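Trainee: Provided herewith is a single structure, encoded as structure tokens, for subsequent inquiry.
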Amino acid sequence: MSKLEFSVNGRACTVEVHPMKRLLDVVRDDLGLHGAKEGCGEGECGACAVEVDGRLVVSCLVPVGQCAGARVRTVEGLAPDAATLSKVQQAFLQYGGAQCGICTPGMLMAATALLDKVPRPSEADVRTALAGNLCRCTGYMKIFEAVVRALESA
Amino acid sequence: MLPSRAMTGKAVGRSVPRREADAKLRGQARYVGDVTMPGMLHGATVRSQVARGRLRAIHFGPEVRWDEYVVVTAADIIAAGGVNTVALIVDHDQPALVGIGDIIAHREEPVVLLAHPDPHALEPARRAIRLEVEPLPAVLTLDDALAARTVVYGEDNVIKSYGIDKGDVDAAFAAAEVVSEGVYETGAQEQLYIENNGMIGALEGDVVTVWGSMQCPYYVQKGLMKCFGVGPERARVVQLETGGGFGGKEEYPSILGIHVALLARKAGRPVRILYDRGEDMAATTKRHPSRTRVRSAARRDGTLTALDIDFVLDGGAYATLSQVVLSRGTIHAAGPYSVANVRVRGRAMATSTPPHGAFRGFGAPQSIFALERHLDEVAHKLGLTPEALRRKNFVTKGGELATGQLVRDDIDLGALLGSALALADWERKRTDIAAERARSGAPLRRRGLGLATFLHGTGFTGSGEKYLASVVGVEGMADGRVRVLASSTEIGQGTQTVFAQIAADALGVDMADVEVATPDTRDVPNSGPTVASRTCTIVGKLVETAAHTLRARLVAAGLLPADGGGDLRAAVQRHLATLGPLRALAQYEAPPYVKWDEGAFRGDAYGAYSWGVYVAEVEVDMLTYEARVLDFVAAQEVGRVIHPVLATGQIEGGVAQGIGWALYENVVWRDGVMSNNRMTDYIMPTSEDIPPIRVLFAEAPYPYGPFGAKGIGELPMDGPAPAILNAIEDALGVSIRRIPATPEVIMDAVEGAGASNGDGAGAGAGVAGAGVAGAA
């Protein structure tokens, strides 16, 4: 067991866990943030995607020991408040980017990470940025539309 | 049942926000993996690991302290006075757990259940259990099942057979100008919902309760009642947010629900089982593999005079849902065409693999693939374009389908085809491709165009809806709002939103005045399973009817004006205060014209059909033999569209699954089990694999669907695979008759059977040269 300190969604956290525990399990079990999902446990589906120091990672493949002192952001940290959604979330709502919702937290993190870096992405940029996040419901079209349209509301 | 008026209300026809979206977007929606209960244990399943045998003994290794674990075997079911079965269509098919002395029928049969407070303690215990099994011969291929040298089911491995006979097929073939024949094969397909199966079980007093990811709460309840020997008041099933189903959570949750309940009863504490991806892919159901032989007779002008179709499904080790999958596949085998003489023989065969089950389309995509591939071969042989051949044979309104059903839908397939081709820019692309081919003899990439035309029956097949006799309620609540009561589940397709739209417009109120209850068998009536493209059209119609009844009751009580309008909230509250509870129920009634003869397999197989014309543009890389879809047009007539964004999302999602089935998704079988049971090795389409999908709706309102809506969910699974494979034939000049058309399969088709030396081996049987065998 190790004592680790890092921040999650802007809030300081201290956990005492095995340093090889997966970041996914720490945010879900130790911090009670259930937004990130486990779809495959091998980094293929992207449902567990979160940001660590501004980088998009699949949290099922990250030992929490690597996150000491890091800034972690999860889907719970996207919306400004309980009454407001982020622009990307709002666009997903309006354009049908979420169906069953299980890939949505990871998809939102990937889309947000893209828009933070590339303010005016082409459709090709969007396709590449989301290629690590599998969605079985939408066929991706509505997600592309939501990501592209998210800018218009900016 | 009263016909619906196709009118625009305040909600129907508009893309209102999805009801549960806010929680999903914030990461607050609660799926089974997000729910824990006080004292909850974690469960795991020990499986058979042999394709077939007889269980002789279960040995628990000394390296594990078994007193720390809750252990359940078949003996616990019997000792408690229950029945060791998973009741589904029939009461006795597969066991809940294989008992000592019982037959193991496939490699993933559950034998022992374990539970422990620490989920990490489960794997060592699972490994410490050794099963002593007397091996028995297994049937691992469809050929072996058909040969029936080893019999694993009934007398001849046939789980079920159906036949359609129309006209005089033999006479038509004897008189035929052109006869064609081909054999077409489709592989298994994993549903690959991103949320694996999972359930929590607990005893609430003497009520066995399970919560979890599922499509059909009342199926799970039926399974619990039979296995535990209790009535409906002592078996409660509650759906949690469900991360996709696609048919994959139609039947398996009945098994898993029984398992968590058995563990919870023995433990005296709640128990949760979450499958990991590997277990979910190996053990749970997949789309039935199929083999279809199509013989056709045609005149030289393209008129089809006869179809003779032999349709075979691999059902796996138990009957489960195979007979209903087979019936839908059999009925859809002759397509949306008017052919005077039709014979279809459908058989579902047993093999020693885990049972195949429901997956979007439910048998129809398999038989439609065969016919639509075959028709392109016939067109080439006759020197006709694929579209001209189809135009020559389209059924029209008033025409007759293979079962003798008269088409009542206001459908003009010729017009739908015209719209689809125009949207796809078919003529211009065809000219461009011809010019490309003329310019370059051996291009590195070859383009092709393909199409498929098809239909999909709305709701349960044949007498299914009558037997289900689904019920929906609408009730008044203390705050004056109303609540829709149905067991139809939200699994991403938009059930909650669509029901609220329908109820709001039927009552003439805002959607904010309508709540849709969580499916909980304690609270909601049985509106039937969430399957068969039935939720919007069949159950939605019941929502509309119940809402009308509730309103009529308030009018009759003098609380609302008869001519519409009025304050519903105030009326509901006054009713509750003065007259007592307010609840209206509606039960399914077939449209008056529906007549179905189950024995002869003749009549109105469905109340209505949805119709589709799909067009694919494909490019094949001649170095790697990868096929890629460049553009896709999906045109369909689905009756009234209740919610354009949700409906479009259904089509796009179905097309993407169809592209996966056609090109990428290859279940590799080894010793009767899926060996590539990981997302790394089983490839579904990513955001970089799906082309632009352009969706077009023609809307001809259906009088017996709510506000005119028909079924939509499964339709988009039917068209992509044949359209894509037809485009590949157009590109390469060779006909590929099996899917998935992986690079190995395409290489074998182009360079000769066995060229790839890969796992496309044996693909030779699924490939035909540019011509078609069997000309008359």
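The values are calculated or read from the model by the stated rules, or taken from the named source; none is laboratory data. Everything numeric here is computed off the predicted structure, so don't read it as measured data. For neighbour counting, all protein chains shown are included, and Cβ atoms are generated from backbone atoms with ideal geometry for every residue, glycine included. Note: accessible area is taken over every heavy atom of the protein model, side chains too, but ligands, DNA and RNA are not part of it. Shrake-Rupley method; radii C 1.70, N 1.55, O 1.52, S 1.80 Å.
Trainee: Note the buried accessible area between A and B here, summed over both chains, with a 1.4 Å probe, in Å² to the nearest 100.
Mentor: On the way: alone 8120 and 27310 Å², together 31720 Å².
Counting both chains, the buried surface is close to 3700 Å².
Trainee: Next question. Sequence neighbours fewer than 8 away in the same chain don't count; with that in mind, list the aspartates and glutamates whose C-alpha is under 14 Å from B:LYS226.
Mentor: B:ASP91, B:ASP93
Trainee: Can you pull the Kirkwood radius for region B:415-547, inverse mean 1/r over Cα pairs, to one decimal in Å? Don't skip to the end; give the middle numbers.
Mentor: Details: mean 1/r = 0.0547 Å⁻¹.
Evaluated on region B:415-547, it is 18.3 Å.
Trainee: Under 21 Å between alpha carbons, and skipping anything fewer than 8 positions from B:LYS392 in its own chain: which lysines qualify?
Mentor: Filter leaves B:LYS166, B:LYS381.
Trainee: Right, another one. Treating only the Cβ of Lys, Arg, Asp and Glu as charged (+1, +1, -1, -1), what charge dipole size does region B:164-211 show about its Cα centre? Round to the nearest 20 debye.
Mentor: Details: 1 positive and 10 negative charges, 25 e Å.
With only Lys, Arg, Asp and Glu charged at Cβ, the dipole is about 120 debye.
Trainee: Just subtract the alpha-carbon distance of A:GLN66 and A:GLU42 from 0.36 nm times their residue separation and send over the number in nm, one decimal.
Mentor: On the way: separation 24, 0.36 × 24 = 8.64 nm, distance 1.76 nm.
Using 0.36 nm per residue and subtracting the Cα-Cα distance, I get 6.9 nm.
Trainee: How high is the FRET efficiency between B:THR385 and B:ALA174 when r is their beta carbon distance and R₀ equals 25 Å, given to the nearest 0.05?
Mentor: Working: r = 28 Å, r/R0 = 1.14.
With a Förster radius of 25 Å, E is 0.30.
Trainee: Under 20 Å from the Cα of B:LYS160, which lysines turn up, not counting those fewer than eight places away in the same chain?
Mentor: B:LYS286
Trainee: What ³J(HN,Hα) values, in whole Hz, does the Karplus curve 6.51 cos²θ - 1.76 cosθ + 1.60 give for region B:682-689 when θ = phi - 60°, with x put for Gly and Pro?
Mentor: Here the 3J(HN,Hα) series is 10, 9, 9, x, 9, 4, 8, 9 Hz.
Trainee: A follow-up question, please. Can you give the charge dipole size of the protein assembly as shown about its Cα centre, rounded to the nearest 20 debye, using +1 on the beta carbon of Lys and Arg and -1 on the beta carbon of Asp and Glu? Intermediate values should be presented prior to the final figure.
Mentor: Numbers: 94 positive and 108 negative charges, 201 e Å.
The dipole of the protein assembly as shown has a size of about 960 debye.
Trainee: Calculate the mean, over all residues of peptide A:141-151, of how many other protein chain Cβ atoms lie within 10 angstrom of the residue's Cβ.
Mentor: Working: counts 15, 6, 3, 3, 2, 0, 0, 0, 0, 0, 0.
For this peptide, the per-residue mean of nearby foreign Cβ atoms is 3.
Trainee: Work out the length of the dipole vector of region A:11-76 about its Cα centre, built from +1 on the beta-carbon of each Lys and Arg and -1 on the beta-carbon of each Asp and Glu, and round it to the nearest 20 debye. Kindly include the intermediate steps, with their values, before the conclusion.
Mentor: Numbers: 8 positive and 10 negative charges, 40 e Å.
It comes to approximately 200 debye.
Trainee: In terms of the Cα gyration tensor, with a ≥ b ≥ c the square roots of its eigenvalues, is chain B rounded because a/c is under 1.5, prolate because a/b exceeds b/c, or oblate?
Mentor: Numbers: a/c = 1.77, a/b = 1.14, b/c = 1.55.
Cα axes put chain B in the oblate bin.
Trainee: Mind checking which of B:ALA506, B:TYR606, B:ALA333 is farthest towards the positive end of chain B's charge dipole, using Cβ charges of +1 (Lys, Arg) and -1 (Asp, Glu) about the Cα centre?
Mentor: Value: B:ALA506.
Trainee: Just the number: Rg to Rh for the protein assembly as shown, Cα atoms, Kirkwood Rh, two decimals.
Mentor: Numbers: Rg = 27.4 Å, Rh = 28.6 Å.
Rg/Rh: 0.96.
Trainee: Taking all protein chains in place and a 1.4 Å probe, what share, in percent, of the accessible surface of region B:167-264 do carbon and sulfur account for?
Mentor: Here carbon and sulfur together make up 52 percent of the probe-accessible area.
Trainee: Let me have the relative contact order for region B:1-155, percent, based on Cα pairs under 8 Å that are six or more residues apart. Could you put the intermediate results ahead of the total?
Mentor: Details: 205 pairs, mean separation 50.1, N = 155.
Over region B:1-155, the number comes to 32 percent.
Trainee: Along the positive direction of the dipole of the protein assembly as shown (beta-carbon charges: Lys, Arg +1; Asp, Glu -1; about the Cα centre), which of B:HIS380, B:SER533, B:LEU142 reaches farthest?
Mentor: Positive-most Cα among the choices belongs to B:SER533.
Trainee: Right, another one. Hey, got a sec? Which trypsin sites (Lys or Arg not before Pro) in region B:117-156 land in a DSSP loop and have at most 14 other Cβ atoms within 10 Å? Intermediate values should be presented prior to the final figure.
Mentor: Values: sites: B:ARG126, B:ARG127, B:ARG130, B:ARG149; in loops: B:ARG149.
Here the sparse-neighbourhood loop sites are B:ARG149.
Trainee: I would also like to ask the following. What's the tally of Lys pairs in chain A whose alpha-carbon atoms lie under 27 angstrom apart, where the two lysines are 8 or more places apart or on different chains?
Mentor: 9
Trainee: Restricting to DSSP H runs of at least four residues, report the calculated mean residue ellipticity at 222 nm for the protein assembly as shown, -39500 (n - 2.57) per run over all residues, nearest 500 deg cm²/dmol. Write out the running numbers ahead of the final one.
Mentor: Numbers: 25 runs with 257 residues, N = 930.
-8000 deg cm²/dmol, from helical runs alone.
Trainee: Looking at region B:611-767, what % of its DSSP beta bridges pair antiparallel, to the nearest 5? Write out the running numbers ahead of the final one.
Mentor: Working: 14 of 20 bridges.
If we restrict to bridges inside region B:611-767, about 70 percent are antiparallel.
Trainee: I would also like to ask the following. Out of all DSSP beta bridges with both ends in chain B, state the antiparallel percent to the nearest 5. Before the final figure, lay out the partial values.
Mentor: On the way: 97 of 127 bridges.
Once the DSSP bridges in chain B are tallied, antiparallel ones form about 75 percent.
Trainee: Give a quick list of trypsin sites (Lys or Arg not before Pro) in region A:35-93 that DSSP marks as loop, anything other than H, G, I, E or B, with at most 11 other Cβ atoms within 10 Å. Walk me through the numbers on the way to the answer.
Mentor: Details: sites: A:LYS37, A:ARG55, A:ARG71, A:ARG73, A:LYS87; in loops: A:LYS37.
Sparse-neighbourhood loop trypsin sites (Lys or Arg not before Pro): none present.
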